[in-house]
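So the structure is just underneath, and the comments pick up after that.
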Amino acid sequence: MTEPLALLCVDDQRTFREALQLALAADDRGDLQCVATAESVAEALDCLEGATVDVVLIDYELPDMHGIEGTRLIKSRHPDVRVLVLTAHTDLDLFLRAVAAGADGFLDKNAPLHELFALIRSDTRGLTLDEATLQSLRGRVGNEGLLSGRSWHPDLTRREKEVLALLAAGVDQTNIAKQLGVTVHTSRSYVRDLLTKLGAHSQLEAVAVAQRAGLLSDERDRTAPSPGESAEDVGLEGPLGSPEQT
């Protein structure tokens, strides 16, 4: 007899976790089994160290970090585990970030559970999408289609673009803070948010992703100060020209 697929459900909503467990228990096929649940990415990583899991269902909104960053961490440590991202919003930018993070599927959290189970069972080597999500994404892309080479431009703030340009110029976070007139803590927060938006695991990967997406162009030359220039010379001073307080 084939062993059932072992699932880990990562969702901070207790009602969803319990509904999933009840539905699996009532499913006649018995080929899916929820072996563990977690409320955060940190808890999920602990579960994966102590249990054999085939598929992770991870919500996008989690208390410690977004599900996309959680997907990246899980895939980096457990590459053979399928990770399906659950979200109530079928957003194209979110989908592309999930793909970049290594997600194996992107599913509408509002879909009926029996449809969700069917997609988990599909065991495809490609991306797993439910029909509602697929149609929604197609509508956002337009007539060209998802794989038509459509350019991807994540919504970066002015400050994030400045940070990106400085990273591309090889400036470390401490000196980024000095040049922007902010604290190191704030500088790190900018970098962390930038990595999440670009679906990157490291600063080097963020620069590479931005380069491929055409996000750097002239921004690096315009923003990064040259030797002898200060942040004020290139317009990178913080609010009121003084360091930000945390």
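Here, each number is a calculation from the coordinates, and none is a lab measurement. Computed from a predicted structure; not experimentally measured. FYI the Cβ positions are ideal-geometry reconstructions off the backbone, even for glycines, and counts take in every protein chain you see.
When only residues in region 82-123 that are in contact (Cβ under 8 Å) with a residue 24 or more places away in the chain and of a type in the set (S, T, N, Q) count, which is nearest to PHE16 (Cα to Cα)?
By that ranking, first place goes to THR87.
So which residues in region 89-119 are part of a helix (DSSP H, G or I) and closer than 18 Å to LEU5 by Cα?
LEU113, HIS114, GLU115, LEU116, PHE117, ALA118, LEU119 - these are the residues of region 89-119 that are part of a helix (DSSP H, G or I) and closer than 18 Å to LEU5 by Cα.
Filter region 82-118 for residues that are of a type in the set (Asp, Glu) and surrounded by fewer than 19 Cβ atoms within 10 Å (Cβ to Cβ) and give the result.
Once the filter is applied, which keeps residues that are of a type in the set (Asp, Glu) and surrounded by fewer than 19 Cβ atoms within 10 Å (Cβ to Cβ), region 82-118 yields ASP91, ASP93, GLU115.
Restricting to region 1-38, name every residue that is crowded, with 18+ Cβ neighbours inside 10 Å, touching a helix residue (DSSP H, G or I) at 6+ places or on another chain (Cβ under 9 Å) and not aliphatic (A, V, I, L, M).
CYS9, ASP11, CYS34, THR37
Criterion first (part of a helix (DSSP H, G or I) and among the hydrophobic types (A, V, I, L, M, F, W, C)) does LEU86 satisfy it?
no
Which of the following residues is within 30 Å of VAL207 (Cα to Cα), touching a residue at least 40 places away in the same chain (Cβ under 8 Å), of a type outside the set (Val, Ile, Thr) and in a loop (DSSP other than H, G, I, E, B): PRO79, PRO63?
Within the list PRO79, PRO63, the selection yields PRO63.
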